[in-house]
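Written below as structure tokens is the structure these notes are about.
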């Protein structure tokens, strides 16, 4: 059996016309709804990324040793080299060596970087959804 064209007065034509109109309305409504949801997701992900980045930038200096302690150690060494008459008992105690940032700072930064990665991933997926 071969394909026969549908005539203008055929009832099948009315069915397909109505079906096409209904599906177009449904698709338009569906896409409009989810496009708005994706826009909301993009805005939220962008704001969350900005806040996470601000916290990362604020905590980043905690990973470095205190420059004041290093300056103090250098000044103490200069003082001792310029004034050898100071007895060892009069020497101020040297500051303890820096052993790295506290574990709380490292854990906090790990969580902040993970949340930043997840929010950027959510924004990426939302953009893929909008492009689809």
Nearest 0.05, what FRET efficiency do residue 18 and residue 132 give at R0 = 22 Å with Cβ-Cβ as r? 0.20
Once you have a ≥ b ≥ c as the square roots of the Cα gyration tensor eigenvalues for region 24-85, tell me rounded if a/c is under 1.5, and otherwise prolate or oblate according to whether a/b is larger than b/c. prolate
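Return the FRET efficiency for the residue pair residue 50, residue 78: r is the Cβ-Cβ distance, R0 is 30 Å, and the value is rounded to the nearest 0.05.
On the way: r = 44 Å, r/R0 = 1.48.
It comes out at approximately 0.10.
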Please find the FRET efficiency linking residue 111 to residue 43, where r is the Cβ-Cβ separation and R0 is fixed at 25 Å, and quote it to the nearest 0.05. 0.65
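Give me the extension gain from residue 85 to residue 29: residue separation times 0.36 nm, minus the current Cα-Cα distance, reported in nm with one decimal. The partial results should precede the final answer.
Working: separation 56, 0.36 × 56 = 20.16 nm, distance 8.81 nm.
So the extension gain works out to 11.3 nm.
Each reported figure results from applying straightforward, stated rules to the coordinates on display, with no laboratory input. All values reported here derive from a predicted model rather than from experimental measurement. Virtual Cβ from ideal backbone geometry, glycine too; neighbours counted across all protein chains shown.
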